[in-house]
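The values are calculated or read from the model by the stated rules, or taken from the named source; none is laboratory data. Please read all numbers here as calculations on a predicted model, not as lab measurements. Glycine gets a Cβ as well: all are built from the backbone with ideal geometry, and neighbour counts include every protein chain shown. What goes into the accessible areas is simple: the full protein's heavy atoms, side chains included, and nothing from ligands, DNA or RNA. Shrake-Rupley method; radii C 1.70, N 1.55, O 1.52, S 1.80 Å.
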Amino acid sequence: MKHFFRIAFMVIAGAAIFLCCGCGLGEGQTAEGLFLGQEGSGGQNAGQPWQYVNTVMGTVVQQTIYAPEETARRFCDEGMALLAKLEQEELSWRQEGSEVARINASAGDKEGYPVSEELAALLADCLELYERSDGAFDVTLGPLTKIWNIDKWAAGKGGEEFRPPSEEEVAWALGLCGSDKIRLVRVGEEPGNFERVEGMRQDGEDAGGKGVLEPAAGNGFRIFMPEGMQLDLGAVGKGLAQSKLLELLGEEAELDGAVISLGGSILTFGGKPDGSPWKVGVINPFDQSANVGILSLEGQWCVSTSGDYERYVEADGVRYHHILDPKTGYPALGEVRGVTVLAKDGLLGDGLSTACFLLGPERGMELAAEYGAEVLFVLADGEIVMSEGMEPYFSAR
Ligand code: AMP
Ligand code: MG
């Protein structure tokens, strides 16, 4: 048991090294995960964290919690239940009846479709990022991700049956995409007289804070999408999950510190009893069993990584990965292999990591700076470039 604990702890300590996205460990996972216990005997060993491993949202979730046992267990259970609910009831387009699936089914409806305040806020942020990234980040790529069959890909697996879509199919799907064609309006406004709901985040200082989206009591939001358009929130799902876990962590008075890994996304919260920083590995896109360096973090951070190695297939000697260029409809061809964003908010970090992957270092760094986030790029030639504000946190291997 102790040996198992050690292995698990090493995995968590270097979480980004070993846990890549889309591990696909099956559906219907609930809060019944594996509680690995605490190093030492009977959970009484003060100063040691509690460990918890689960699968939810199609990915491995590992939690390391510094708290009394009861608090740690409660938090882990509640956290997993929250993420399962988020996936099943809101974000997944595969789950019939989830909010996103219902919105997608409404595409083309002249009356639009009602959207919860939470999802309206999320979409407003996504639309803002679409504009600020000059269209590189686009949550309406559902028709494209479906014809590419990205959902079925794991890292390098599935290539045997994979055939890339034809140019005609790509052009057709691309014609159905485009966040600029979405209208998100407050209820009460006439369709046709649309007013884009402002994104919640402001520049600079406020980048991680709450924003301006406060509808009057009784009001709601409605989304209008052209026929055939499909939302794919894959680029922000784990980030939103991180943001929700952070809220939950903030409610636990007895919880001193936590590091939680959701696939490639890591969040840190509070501190360790010995005051040492959290260590988060930045995965090496060329060898995912290693890392290119370590981030040393104190307090609350969200680390989000996007890379061409996380989901891809190889067919007829060509490698196709899961981050699509909305201008071409094909996997982004560029100088970047991996991007890691450091932000105070999960949703923001996740959205930015995808956007920065597409934009490349120069524009990506500008965009991250607009949002008050830091970013590190691993380029195709192996070079590492990062924003100035990232440097104090990063030590290369
Ligand atoms: P991430 O791993 O956070 O970078 O998100 C990648 C996922 O976002 C993909 O698997 C797709 O589901 C979706 N996606 C692909 N390309 C884009 C894009 N240009 N903008 C927004 N989402 C995308
Ligand atoms: Mg992302």
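Under a point spin-label approximation (7 Å from Cα along Cα-to-Cβ), what is the residue 362-residue 319 distance to one decimal in nm?
2.5 nm
Report the local net charge at residue 275: Lys and Arg +1, Asp and Glu -1, summed over other residues whose C-beta lies under 12 Å from its C-beta.
So the surrounding residues net to -2.
Shape of the stretch 297-384 from its Cα gyration tensor (a ≥ b ≥ c, root eigenvalues): rounded if a/c is under 1.5, otherwise prolate when a/b > b/c, or oblate?
Cα axes put the stretch 297-384 in the prolate bin.
Report the extension gain between residue 102 and residue 227 in nm, rounded to one decimal, defined as 0.36 nm multiplied by the number of residues separating them, less their alpha carbon distance.
Stretched out fully, the residue 102 to residue 227 stretch lengthens by 43.7 nm.
Residues in the stretch 276-293, backbone N under 16 Å from the label point at residue 395 (7 Å along the Cα-to-beta-carbon vector): list them, ranges by number please.
276-282, 291-293
Subtract the Cα-Cα distance of residue 298 and residue 109 from 0.36 nm times their separation in residues, and report this length gain in nm to one decimal.
Answer, rounded to one decimal: 63.3 nm.
When ranked by the protection proxy of mean other Cβ atoms within 10 Å per residue, highest first, what sequence do the peptides 223-236, 100-113, 318-331 form?
Top to bottom by mean Cβ count within 10 Å: 223-236, 318-331, 100-113.
Taking all protein chains as present, what is the carbon and sulfur share of the accessible area of the stretch 47-118, in % to the nearest whole number, probe 1.4 Å?
Carbon and sulfur atoms account for 45 percent of the accessible area of the stretch 47-118.
For the pairs 181/344; 279/344; 244/272, note any where the Cα-Cα span goes beyond 19 Å.
Flagged as over cut-off: 181/344; 244/272.
In nm, to one decimal, how far is the modelled label at residue 166 from the one at residue 117, with both set 7 Å along Cα→Cβ?
Output for this residue pair reads 4.9 nm.
Would you tally the net charge around residue 144, using a Cβ to Cβ cut-off of less than 11 Å, leaving residue 144 out, and scoring K and R as +1, D and E as -1?
-3
How far, in nm, would the chain grow between residue 289 and residue 251 when pulled straight, counting 0.36 nm per residue and subtracting the alpha carbon separation?
10.2 nm
Heavy atoms only, probe 1.4 Å: what % of the accessible area of the stretch 243-397 goes to carbon and sulfur, would you let me know?
Carbon and sulfur atoms account for 48 percent of the accessible area of the stretch 243-397.
With a 10 Å radius around each residue's Cβ, average the other Cβ atoms per peptide and rank 242-250, 367-375, highest first.
367-375, 242-250
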